[in-house]
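Note sheet for the following structure.
Bear in mind these aren't lab numbers, they're just calculated from the coordinates by the rules spelled out. Computed from a predicted model, the values in this text were never measured in an experiment. So basically every Cβ, Gly included, is an ideal-geometry build from the backbone, and we count neighbours across all protein chains shown.
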Amino acid sequence: MDALRSTASSRVGRLAAFSLVELLVVVAIIGTLVALVLPAAQFIRERARLTQCSNNLRQVGLVTRLYADTTGGFFPTASKTGNFSYRMAPGLRTPNDPDSLPETFGLEALYVQKGFLGQGSGIWVCPSHTDEQRAYQNTYAFSIATLLAKRNPPDQATTLFAWDNTSFNPGLSGFRGPFVGYTIPTSKRTNPHARFQTGSAGYNALYLDGHVEFFTN
């Protein structure tokens, strides 16, 4: 009887165990599934970031239209935003520069000062930008074109107003521009939405009439 039990137990053990070949097959199948699913998951995640970024710019567009409505058709000009196209979030200071002051210039700062937005509204940061740019708590550049000085400027549907910044470092905080040497070298300029596994790299842009478009490079 004991011999029969021992034989049965041995057979169950052999049946319950995986062989090395079976284990390798399972690992290979799992690896194949991961290789297929991971790019799709990354694509979906980046699509969500792209959507959030475009929604941010639409919110900026709505606030801009509100600003223009309350100023009789005038949009924020360079004299209002500090004569430079890219600024860090209001209140921040240029790192490692003892001459800097808390930032009071820029499109966001103007809207905060005028009461159109609260400090830290969250619509100024695109999640696809680099950690370095997101550290400024603002990832969007904006226009300082002379056209903005006109009341109800023409061609608003074709006039760019704000976009994913890839060209500028923020000017010295707390001071008016223009600034020299605050551009990013061409070799280091990367489109924020460049991590698609399938799809084109590019950036979002807001037009003066409030609509947003995606541009590919």
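Worth a mention:
- Using θ = phi - 60° in the Karplus curve 6.51 cos²θ - 1.76 cosθ + 1.60, the 3J(HN,Hα) couplings for segment 138-144 round to 7, 10, 10, 8, 9, 7, 10 Hz; x is entered for Gly and Pro.
- Charge sum, other residues only, whose C-beta stays under 13 Å from Gly61's C-beta, Lys/Arg counted +1 and Asp/Glu -1: -1
- Unit charges at the beta carbon, dipole of segment 78-147: most positive-side option, Thr130, Phe116, Pro90: Phe116
- Taking a sphere under 12 Å around the Cβ of Leu160 and counting the other residues whose Cβ falls inside, with K and R at +1 and D and E at -1, yields a net charge of -4.
- Sorted by Cβ neighbour density within 10 Å, fewest at the top, the residues Glu108, Glu46, Glu132: Glu132, Glu46, Glu108
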